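Every number here is computed from the coordinates shown, using simple stated rules; none is lab data. Predicted, not measured: the structure shown is a model, and the values here were computed from it. Here Cβ is always computed from backbone atoms with ideal geometry, including for glycine, and neighbour counts include all displayed protein chains.
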Amino acid sequence: MDLNGKKIAILATHGFEQSELEVPRDRLIKAGATVEIVSIAAGEIRGWDKKDWGRPVKVNKTLDQAVAADYEAIVLPGGQINPDLLRVEPKALKFIKDIFDAKKIVAAVCHAPWLLIETGIADGRKMTSYKSIKTDVVNAGATWQDAEVVVDQGVVTSRNPGDLEAFSAKIIEEVKEGRHTRRSAA
């Protein structure tokens, strides 16, 4: 129970890749963290599970209710739909940027690095992503690497659902070690 007393936000909306929300959520809870699903609106959000709509997940807080200072980290699941909807939501981008600016852990998998591009976090970082957005990541000023997990000063990125165990383990390690406290300002 390495993460007792730590609170972590998972920011998502409809169309999140089912496993990319559930696997990190479950691993973080198993490690002792309190995990809250934050979304645009209250109620439930529905995932995308391979080729069709997946299971709903209960939203714990809306972006209007969530305060960045309450969290040690934010996890951004991918899928194509979810990050594309979130990257045009000013409140979502502000929430991510506020957590980043507080030198806390920001973790994004698959297509979620689109959100790191929109917030300017990608610029100057080593990152990975789903292969189809590699050019987007590079054009945003990041150095793209083909690895299951890439960490650059508190920003954790992974490529796809096959990387979720390594992604989750690295988030736990970064939060446990308090890596955000040693990150220089970007």
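Just a few scattered comments:
- Any chance VAL109 is closer than 22 Å to ALA31 by Cα and out of contact with any strand residue (DSSP E or B) (no Cβ under 7 Å at 6 or more places or on another chain): no
- Every residue from region 105-127 that is small (Gly, Ala, Ser), closer than 19 Å to ALA68 by Cα and surrounded by fewer than 24 Cβ atoms within 10 Å (Cβ to Cβ): GLY120
- Checked against (1) under 17 Å from PRO77 (Cβ atoms); (2) within 15 Å of the chain's Cα centre (by Cα); (3) not basic (Lys, Arg), SER132 passes all but a single condition, namely (2).
- Counting the residues of region 128-139 that are buried (at least 16 other Cβ atoms within 10 Å of the Cβ) and either of a type in the set (Val, Ile, Thr) or within 18 Å of ASP101 (Cβ to Cβ) (or both) gives 3.
- Residue match in region 158-176 (condition: hydroxyl-bearing (Ser, Thr, Tyr) and touching a residue at least 60 places away in the same chain (Cβ under 8 Å)): yes
- Residue match in region 105-112 (condition: touching a residue at least 12 places away in the same chain (Cβ under 8 Å) and more than 20 Å from GLU165 (Cα to Cα)): no
- Filtering region 143-168 to residues that are crowded, with 16+ Cβ neighbours inside 10 Å, of a type in the set (Val, Ile, Thr) and over 16 Å from ARG25 (Cα atoms) leaves VAL149, VAL150, VAL151, VAL155.
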